[in-house]
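**Student:** Questions regarding the structure given below will be posed in turn.
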Amino acid sequence: MIADISIPDCSKLFIGGEWVTPDQQKSYSNENPARREPINEVAIAGAADVDRAVQVARAALDSKEWAGMPAADRGRLLWRVGQTLRERAADLAALESLDTGKPFVEALYGDIPHAAGAFEYFGGWSNKISGEVLPVPPRFFDYTRREPVGVVGAVIPWNFPLQMAAMKIAPALAMGNSIILKPAEQTPLTAFALAGILEELGLPAGVVSVLPGFGQTGAAIVAHADVDKITFTGSTAVGKQIMRGAADTLKRVSLELGGKSPNIVFEDADIKRAVRGVTTGIYYNQGQMCTAGSRVLVHESVHDAFMEAFLAEASKIRPGDPMAKETRMGALVSEEQFERVSQYVEIGRKEGANVALGGGPGDGDGYFYKPTVFTDVRPEQRIAQEEIFGPVVATTTFADEEEALAIANGVTYGLASGIWTNNLSRAHRVAQGLKAGTVWVNTYNALWNEAPFGGYKQSGHGREGGRYGAELYTEIKNVCIYI
Ligand code: NAP
Ligand code: MG
């Protein structure tokens, strides 16, 4: 199967519309996590490469080709990127599956269409976000302009590589910025494929650069004095480093960080539906989702019935070959991630939680881990407080709405949440009480390009998606004229 996949050449950097050799000529080996086999060698961009990319990004901002392009034309270009991603969905999904270990089917029907949709959606905003005329005293004419922020640095994680790249590049370009993308070290393939598509479609040189590498490459982009904004998706720990790194030059920063999202099952829920939602809520993408419903709170009166059905559903999921059509769970992305998940499961055991399902590696040579369910978890335990980022769920009971909200909000994160109830008033009441950027009711992980997405508390700053996601890449200028 791997022999059939055309792997992009990752030995060069994409800067100024050209494929260039990295200054230090260093590279690393990229791994297929489902087989623990090398895929290819990937260039490492250093500080000199970052500097070069920033210079061409700055020049592009003032160029006739980019600054002079009508907003509607930018939109048409982005639409064509979306269409091309759709035409090549099978190839891109194969690359994504190979690089991340996720099921090919999920990449084909999830990641790739979502990435394509981001280009189409934000392309539409390119000529629809505008300033306004303000009702100031009559001797003045006062209006606002929405201008590009400038050179944007984008640093992304490995769990949805193309989708994350699209969620940064599409709105940034729609609003007329230039952007430098640093893909995660584990998953560079689709970033290179995307750069190839942008080149093919004639995006002006320098508007997008792709600089692979490790954290140091990201840190060099964050530190560079001529980068105006950083858009980051990743862990809360690195998010904090980025905020500190951006402080010296007072860059604009938007951060999509980690989560420990509660999925709350009330006694009046449709249990069958809740079981399905809770199962995909935690196990989709091997649980490596920032929105993973990694805490399940069940009302004490339906706990036993719910758990019986949930365990039956979860035990049907067997990690296996990501490329096989029937596979619903693939491999974790890396050895590091496998170790992290294994360690957290040990921590849970030592803390006295009960392993009701899984709790160990899956079969095969890759980084497979079985769907794991902890029961009788106390809210203060580490497995109920810290982000594991794997197929591990902590379940707990509650007696009433007040207690459910106290447990749900009792973590440092506030990214997403789920409510399962057939009581309309309760749904709205609990939605109001939850400290989270997204509340899903009787559904989970329903993510749209049209809807704002981001975190409360230590889950981040700013909202991607929707009009908010486009505005994130604009600076507001006020013009006041004495008439
Ligand atoms: P990560 O370790 O924070 O890395 C994210 C990116 O930051 C990678 O490209 C990484 O490069 C780079 N990086 C590392 N150190 C850096 C530094 N000092 N300065 C600048 N860049 C640096 O996160 P991850 O392990 O890839 O992804 C998992 C995390 O992402 C989870 O916590 C998850 O919740 C979060 N996430 C959040 C969202 C959301 O939208 N809220 C979505 C997806 C994932 P290297 O790869 O080379 O280390
Ligand atoms: Mg990889």
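The values are calculated or read from the model by the stated rules, or taken from the named source; none is laboratory data. Given the structure is predicted, the values throughout are model-derived calculations rather than measurements. When we count neighbours, we look across all protein chains shown, and the Cβ atoms used for this are built from the backbone with ideal geometry, even at glycine. We work out accessible area using only protein heavy atoms, side chains counted, and drop any ligands, DNA or RNA first. Shrake-Rupley method; radii C 1.70, N 1.55, O 1.52, S 1.80 Å.
**Student:** With a 1.4 Å probe and every protein chain left in place, work out the accessible area per residue of the range 60-103 in Å², rounded to a whole number.
**Tutor:** Details: 1880 Å² over 44 residues.
Spelled out: the 1.4 Å probe surface of the range 60-103, per residue, equals 43 Å².
**Student:** A further question on this structure: Would you please give the residues with an amide H less than 5 Å from that of Leu201, counting only those at least 5 places away or on a separate chain, with H modeled from the backbone geometry?
**Tutor:** Close amide H contacts, sequence-distant or interchain: none at all.
**Student:** How do Asp400, Asp248 rank by accessible surface area computed with a 1.4 Å probe, from largest to smallest? Before the final figure, lay out the partial values.
**Tutor:** On the way: Asp400 75, Asp248 145 Å².
Output order, biggest surface exposure first: Asp248, Asp400.
**Student:** Just to make sure I understand: if all protein chains stay in place, what is the order of Arg74, Arg382, Arg463 by accessible area at 1.4 Å, largest first?
**Tutor:** Details: Arg74 30, Arg382 100, Arg463 60 Å².
If we order Arg74, Arg382, Arg463 from most to least accessible, we get Arg382, Arg463, Arg74.
**Student:** Quantify, in whole percent, the carbon and sulfur part of the accessible surface of the range 1-77 (1.4 Å probe; protein heavy atoms only). It would help to have the intermediate numbers written out before the result.
**Tutor:** Numbers: 1920 of 4110 Å².
Here carbon and sulfur together make up 47 percent of the probe-accessible area.
**Student:** Quick one: Cα centre-to-centre distance for the range 131-173 and the range 84-112, in angstrom?
**Tutor:** So the separation of the two Cα centres works out to 28 Å.
**Student:** How large is the accessible surface of Glu401 in square angstrom, using a 1.4 angstrom probe and rounding to the nearest 10?
**Tutor:** Taking all protein chains as shown, Glu401 has close to 40 Å².
**Student:** Here's another thing I want to ask about it. Given the alpha-carbon gyration tensor of the range 397-483, what are the semi-axes of its equivalent ellipsoid in whole angstrom, ordered largest first, with each equal to the square root of 5 times an eigenvalue? Show your work: numbers first, answer last.
**Tutor:** Values: eigenvalues 226, 41, 34 Å².
So the three semi-axes of the range 397-483 are 34, 14, 13 Å.
**Student:** Quickly work out the Arg340-to-Arg86 label distance, labels modelled 7 Å from Cα along the C-beta direction, and quote it in nm with one decimal.
**Tutor:** With each label placed 7 Å out from Cα toward Cβ, I get 3.5 nm.
**Student:** Ignoring ligands and nucleic acids, what accessible area does Ile317 show with a 1.4 Å probe (Å², nearest 10)?
**Tutor:** 10
**Student:** Would you grab the residues whose amide H sits under 5 Å from the one on Leu357? Only those 5+ places off in sequence or on another chain, please, with H modelled 1.01 Å from N.
**Tutor:** Those lying under 5 Å, H to H, from Leu357 are Val373.
**Student:** Of Asp111, Asp91, which has the most accessible area and how do the rest follow, probe 1.4 Å?
**Tutor:** Numbers: Asp111 0, Asp91 110 Å².
The ordering from most to least exposed comes out as Asp91, Asp111.
**Student:** For the range 328-355 and the range 208-225, write down the distance between their C-alpha centroids in whole Å.
**Tutor:** Taking the Cα centre of the range 208-225 as reference, the centre of the range 328-355 is 30 Å away.
**Student:** Follow-up question, since we're still on this one. Using DSSP, restrict attention to beta bridges with both residues in the chain and report what percent are antiparallel, rounded to the nearest 5. Present the calculation step by step, with values, prior to reporting the outcome.
**Tutor:** Values: 30 of 66 bridges.
Antiparallel bridges make up about 45 percent of those DSSP assigns within the chain.
**Student:** In the chain, if the dipole is taken from +1 on Lys/Arg beta carbons and -1 on Asp/Glu beta carbons about the Cα centre, which of Ala406, Leu61, Thr280 is farthest to the positive end?
**Tutor:** In the chain, that residue is Leu61.
**Student:** What percent does the relative contact order of the range 282-432 come to when contacts are Cα pairs within less than 8 Å and at least six residues apart?
**Tutor:** Relative CO of the range 282-432 lands at 29 percent.
**Student:** What relative contact order, as a whole-number percentage, does the chain give when Cα pairs under 8 Å and 6 or more residues apart are counted?
**Tutor:** Working: 1141 pairs, mean separation 87.0, N = 483.
Reported as a whole number, the value is 18 percent.
**Student:** Once Rh for the range 139-274 is found with the Kirkwood sum over Cα pairs, what is the Stokes-Einstein diffusion coefficient at 20 °C and 1.002 mPa s, in µm²/s? Working shown, then result.
**Tutor:** Values: Rh = 16.7 Å.
Rounded to a whole number, D works out at 129 µm²/s.
**Student:** Beyond 19 Å, how much of the Cα-Cα pair distribution for the range 255-311 remains, as a whole percent?
**Tutor:** Working: 447 of 1596 pairs.
So the portion of pairs separated by more than 19 Å is 28 percent.
**Student:** Taking θ as phi - 60°, what are the ³J(HN,Hα) couplings along the range 306-316 by the Karplus curve (6.51, -1.76, 1.60), each to the nearest whole Hz, with x for Gly and Pro?
**Tutor:** With the stated coefficients, the range 306-316 comes to 4, 4, 4, 5, 5, 5, 5, 5, 5, 6, 6 Hz.
**Student:** Largest first, please: the extent of the C-alpha atoms of the chain along each principal axis, to the nearest Å.
**Tutor:** Its Cα atoms span 69, 64, 40 Å along the three principal axes.
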